[in-house]
Amino acid sequence: YLKAGRKYNTQTRLVVEIKPSLVDKNQGVLAAEKAVALIKEMKLQHMVAYISFDYEILKHIRYLEPYAITQYLTGDKTPAELKADGINGADYHISVYRQHPEWIAELKENGMILNAWTVNTAEDMDWLLAQGFDFITTDQPELLFERVRNLMTKKPAK
């Protein structure tokens, strides 16, 4: 993945998800250490963002690599908590943002990354685009491209 991702690539960020271990919490931390070491060895730090459902894994990555881009997936932390722990952004299921729309403004005010997953309806895509999300994770990329194109071709109201 990393080798293919860097080949002829000058713009696309590679997303590395570290899965939490259901057996032993230390296994997730060990996986994070190995991933960070490999990414450093390949000199890909500038191209990688780390995501995880395990908050401690992300905090450990920030300890190992203070400038790493990290995004939390679970949705149980406020923007203030993320910021306090050096996590760069929220990558929450769209339902979390629907339940806490105030978090969108708070994340933006703090210069944090906004991503939502997994967004597959035009209605949800339009809502996120109107909110100015940085990223939208979808299983329907063609529909999202269509929604973005529609948004960009609309003429401003007089």
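Rg over Rh for segment 4-134 works out to 0.98, both radii taken from alpha-carbon positions and Rh defined as the Kirkwood radius. Taking segment 1-135 as the region of interest, the number of lysine pairs whose Cα atoms are within less than 23 Å, with members eight or more places apart or on different chains, is 25.
Available extension along the chain between ASP76 and LEU30 is 14.2 nm, counting 0.36 nm per residue and deducting the alpha carbon span.
For the chain, set up a GNM with springs between Cα atoms under 10 Å and report which of LYS59, LYS43, LYS83 has the largest fluctuation. Greatest mean-square fluctuation among the candidates belongs to LYS43. Phi angles across segment 19-27 convert, under the Karplus curve 6.51 cos²θ - 1.76 cosθ + 1.60 with θ = phi - 60°, into 3J(HN,Hα) values of 7, x, 8, 7, 8, 8, 4, 5, 5 Hz, Gly and Pro given as x. Helix content alone sets the calculated 222 nm mean residue ellipticity of the chain: runs of n ≥ 4 DSSP H residues at -39500 (n - 2.57) each, divided across all residues, give -13500 deg cm²/dmol. Electrostatic bookkeeping for ALA122 treats Lys and Arg as +1 and Asp and Glu as -1; over the other residues with beta carbon under 11 Å from its beta carbon, the sum is -3. Farthest towards the positive end of the charge dipole of the chain, among the residues HIS46, THR118, LEU30, is the Cα of HIS46, using unit charges on the Cβ of Lys, Arg, Asp and Glu. These residues, VAL15, VAL23, go from largest to smallest accessible area, 1.4 Å probe, as VAL23, VAL15. For a straight C-alpha distance cut-off of 16 angstrom, no lysines are reachable from LYS154 once same-chain residues fewer than eight places away are disregarded. About its Cα centre, the dipole of the chain is roughly 700 debye, where the only charges are +1 on Lys and Arg Cβ and -1 on Asp and Glu Cβ.
Take every Cα pair under 8 Å whose residues are at least 6 apart in sequence, average their separation, divide by the length of the chain, and the relative contact order is 14 percent. Taking a ≥ b ≥ c as the square roots of the eigenvalues of the Cα gyration tensor of segment 87-158, is the shape rounded (a/c under 1.5), prolate (a/b larger than b/c) or oblate? Verdict is oblate for segment 87-158.
With all protein chains in place and a 1.4 Å probe, the accessible surface of the chain carries 54 percent carbon and sulfur.
The values are calculated or read from the model by the stated rules, or taken from the named source; none is laboratory data. Only a predicted model underlies this, so the values are computations on that prediction, with no experimental measurement involved. A quick note on method: Cβ atoms are made from the backbone with ideal geometry, for glycine too, and the neighbour counts reach across all protein chains shown. Please note that ligands, DNA and RNA were not included when accessible areas were found on the heavy atoms of the full protein model with its side chains. Shrake-Rupley method; radii C 1.70, N 1.55, O 1.52, S 1.80 Å.
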